[in-house]
Amino acid sequence: MKWEKLGQIFDPTGHQLPNDCQTFAQAPQVLLFDTFARIYFSTRSLDASNGKYLSHIAYVDMALNFKDILAVSRHEVISLGKPGCFDEHGIFPLNVMRHAGQIYGYIGGVNRRSSVPVDSAIGMALSHDEGKTFQRLGDGPVLSASLHEPCLIADPFVRVYGGHFHMWYIFGKGWQHFDAQAEHDRVYKIGHAISANGIDWKKNDGQEIIASRLGPDECQALPTVIEIAGTYHIFFCYREASDFRHNRERSYRIGHASSTDLQNWQRDDNELSLGLSDVGWDSGMTCYPHVFACQGQICMLYNGNEFGRHGFGLARLLM
């Protein structure tokens with residue numbers, strides 16, 4: 001499975017974004033139109049009350065050559081959640097899809113905690129203006145913590161296969177204190193849920209669908225699934241649980257597994273030729289992949305160094 005890197009295609013620092021955001025274009029998610037691609041991403045503003053970040057959704061419209069920028073959103077795509085709600089302090093990501101003439105948005109909501117930095121859950125919204133803005137179905141989540149998934153339900157990716165909605169997401173195994181002088185670090189894995197309507201979900205509570213290769217504390221994030229020639233492929237990023245922010249050897253990499261039934265996945269990262277570059281914007285990490293088909297090609301959007309502070313790039317599968 002050989003990929004060709006086509007380079008960085010969007011840098012947020014060169015654009016005026018909504019909510020006074022100036023850096024980060026994380027977790028890019030595409031919605032295709034006939035003549036252009038709308039790419040949603042999470043960007044950040046600074047909360048003046050405490051000096052912490054808030055994650056907001058913006059988008060860039062690009063020509064289908066993924067070179068020409070047509071427009072960048074200047075308005076609020078979706079508001080942050082109400083005080084005390086699951087998405088009060090950020091949305092990361094907004095996963096979008098078309099279904100039955102509508103545009104669905106699945107919200108990765110973030111809220112701060114006192115003993116650990118954050119918790120998260122997944123909500124749902126609809127767009128009534130071709131994806132320019134989204135409105136929640138309600139203030140609460142459609143997928144959240146449960147008996148064997150106690151925290152950090154996040155990173156939704158939803159598609160319809162075989163007449164059912166399938167959601168791949170991450171769930172927290174818990175928090176660990178690797179460094180007494182630092183905050184707790186989280187450990188999370190990829191899970192799977194099924195729904196008949198995209199709202200009411202049944203998940204395999206606590207089942208890790210992707211085998212870990214770095215040991216039990218491997219962190220797996222942002223799954224994306226596509227069918228190619230009768231086989232399903234899941235792409236995601238993974239890292240060590242600690243010392244990953246500035247250590248190139250422990251930072252995010254992109255992983256891969258395949259399946260014929262959407263239930264049993266065979267991991268084979270070694271088949272994925274999409275490693276770190278020697279220099280440049282993705283030489284320290286590669287993370288937050290999003291794979292899609294466009295004009296007969298399989299493409300991947302992904303972030304690079306510093307978790308997407310400098311935007312995202314594009315790779316193409318060589319068939």
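Below are the figures for this structure:
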{"read-out": "The listed residue being closer than 24 Å to S55 by Cα and either crowded, with 20+ Cβ neighbours inside 10 Å or within 15 Å of the chain's Cα centre (by Cα) (or both), out of I210, I234, I170", "value": "I170"}
{"read-out": "Region 24-70 - residue that is more than 17 Å from the chain's Cα centre (by Cα) and among the hydroxyl-bearing types (S, T, Y) and, of those, surrounded by the fewest Cβ atoms within 10 Å (Cβ to Cβ)", "value": "S49"}
{"read-out": "Residue in region 270-319 that is modelled with the lowest pLDDT, counting only those that are in a strand (DSSP E or B) and either of a type in the set (S, T, N, Q) or more than 27 Å from D34 (Cβ to Cβ) (or both)", "value": "S273"}
{"read-out": "Of residues in region 95-136 being outside any strand (DSSP E or B) and in contact with a Leu (Cβ under 7 Å, 6 or more places away or on another chain), the one farthest from Y59 (Cα to Cα)", "value": "F134"}
{"read-out": "Residue list for region 82-114, filter: among the aliphatic types (A, V, I, L, M) and either in contact (Cβ under 8 Å) with a residue 60 or more places away in the chain or surrounded by fewer than 20 Cβ atoms within 10 Å (Cβ to Cβ) (or both)", "value": "L94, V96, M97, A100, I103"}
{"read-out": "Region 288-303 residues that are free of Cβ contacts under 8 Å to residues at least 40 places away in the same chain, paired with ones that are part of a strand (DSSP E or B) (beta carbon under 8 Å, 6 or more apart)", "value": "Q297/R316; Q297/L317"}
{"read-out": "Residue within region 248-269 that is assigned to a loop (DSSP other than H, G, I, E, B), aliphatic (A, V, I, L, M), over 26 Å from H177 (Cα atoms) and touching a residue at least 40 places away in the same chain (Cβ under 8 Å) present", "value": "yes"}
{"read-out": "Filter pass, S79 being at pLDDT 95 or above, polar (S, T, N, Q) and surrounded by fewer than 20 Cβ atoms within 10 Å (Cβ to Cβ)", "value": "yes"}
{"read-out": "Close pairs from region 35-60: first touching a residue at least 40 places away in the same chain (Cβ under 8 Å) and under 14 Å from V77 (Cα atoms), partner among the basic types (K, R) and not in a loop (DSSP other than H, G, I, E, B), Cβ under 8 Å, at least 6 apart", "value": "S55/R44; Y59/R38; V60/R38"}
{"read-out": "Unique residue being more than 20 Å from P223 (Cα to Cα) and either part of a loop (DSSP other than H, G, I, E, B) or in contact (Cβ under 8 Å) with a residue 12 or more places away in the chain (or both) when the list is W168, W175", "value": "W175"}
{"read-out": "Residue count, region 273-297 (criterion: under 18 Å from F236 (Cβ atoms) and touching a Lys or Arg at 6+ places or on another chain (Cβ under 9 Å))", "value": "8"}
{"read-out": "Residue check for D119: within 21 Å of P18 (Cβ to Cβ), buried (at least 18 other Cβ atoms within 10 Å of the Cβ) and among the charged types (D, E, K, R)", "value": "no"}
{"read-out": "First in region 139-158 and buried (at least 19 other Cβ atoms within 10 Å of the Cβ), second anywhere and acidic (D, E) and modelled with pLDDT of 95 or more, Cβ under 7 Å, 6 or more apart", "value": "E149/D205; C151/D119; L152/D119"}
{"read-out": "Options A229, A257; residue that is buried (at least 21 other Cβ atoms within 10 Å of the Cβ) and over 28 Å from T43 (Cβ atoms)", "value": "A257"}
{"read-out": "Residue satisfying all of: in region 3-40; at pLDDT below 95 and of a type in the set (V, I, T); nearest to A221 (Cα to Cα) among these", "value": "T23"}
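The values are calculated or read from the model by the stated rules, or taken from the named source; none is laboratory data. In this text, all values refer to a predicted model and were calculated from it rather than measured experimentally. Neighbour counts are summed over all protein chains in view; Cβ atoms, including those assigned to glycine, are modelled from backbone coordinates with ideal geometry.
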